[in-house]
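The values are calculated or read from the model by the stated rules, or taken from the named source; none is laboratory data. Just so it is clear, the model here is predicted, and its values are computed rather than measured. With ideal geometry, Cβ positions are generated from the backbone for all residues, glycine too; neighbour counts draw on all protein chains shown.
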């Protein structure tokens with residue numbers, strides 16, 4: 001069965017770059033240029049993973065992923081953004097229960113590894129109702145990784161070649 005990944009960003013060039021980065025992977029790639037368009041797609045097409053930008057017009061990525069969590073709880077949610085704030089991180093982690101919060105620019109290999117890791121972890125979950133302790137543990141892990149990445153990058157804002165912005 002093919003894994004379906006929905007990429008959501010209001011910048012068409014970035015969507016094309018992300019899609020190109022995932023080209024050789026065994027994924028069906030869908031793209032949406034807004035949260036509203038993404039929600040419409042989700043009504044008609046099952047999606048395994050949603051990768052969303054945070055800052056978009058009309059609806060933020062955090063709000064989108066929160067809605068995805070409520071409507072499609074088995075869909076893995078990943079935040080990808082160039083501008084981070086503590087509020088957006090907290091919203092994504094606690095309301096959207098994101099698997100990972102990734103900062104642009106990102107290396108294509110990191111995106112692929114994150115999606116594959118998320119799918120692997122999701123495949124290990126039982127079909128039973130949500131275990132709140134596991135959700136809290138996952139949220140804590142994502143928040144700690146974000147804080148650690150921010151601390152290590154605080155004075156190193158250089159772009160690396162081969163990264164997608």
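Scoring residue 63 on the criteria (1) assigned to a helix (DSSP H, G or I); (2) surrounded by fewer than 20 Cβ atoms within 10 Å (Cβ to Cβ); (3) modelled with pLDDT of 90 or more; (4) more than 13 Å from the chain's Cα centre (by Cα) leaves a single failure, condition (4). Candidates are the residues of region 20-38 that are in a helix (DSSP H, G or I) and under 14 Å from the mean Cα position of the chain (by Cα); the one that is nearest to residue 75 (Cα to Cα) is 38.
I'd like the residue in region 1-16 that is in contact (Cβ under 8 Å) with a residue 60 or more places away in the chain and buried (at least 17 other Cβ atoms within 10 Å of the Cβ) and, out of all such residues, is farthest from residue 73 (Cα to Cα). Working first, answer last.
Initial filter on region 1-16 (in contact (Cβ under 8 Å) with a residue 60 or more places away in the chain): 3, 5, 9, 14.
Now restrict to residues that are buried (at least 17 other Cβ atoms within 10 Å of the Cβ): 5, 9, 14.
Numbers: 5: 15, 9: 21, 14: 26 Å.
That would be 14.
Scan region 1-15 for residues that are touching a strand residue (DSSP E or B) at 6+ places or on another chain (Cβ under 8 Å) and not in a loop (DSSP other than H, G, I, E, B) and jot them down.
Scanning region 1-15 gives 3, 4, 5, 6, 7, 8, 14, 15.
Within region 39-58, being touching a helix residue (DSSP H, G or I) at 6+ places or on another chain (Cβ under 6 Å) and either surrounded by fewer than 16 Cβ atoms within 10 Å (Cβ to Cβ) or not in a loop (DSSP other than H, G, I, E, B) (or both) holds for 49, 50, 52. Annotation: residue 25 fulfils all but one of (1) touching a helix residue (DSSP H, G or I) at 6+ places or on another chain (Cβ under 8 Å); (2) at pLDDT 95 or above; (3) more than 17 Å from residue 104 (Cβ to Cβ); the unmet one is (2).
As a summary of the residue check, residue 76 satisfies the conditions (1) under 13 Å from residue 9 (Cβ atoms); (2) at pLDDT 85 or above; (3) in contact with a helix residue (DSSP H, G or I) (Cβ under 9 Å, 6 or more places away or on another chain) except for the one numbered (1).
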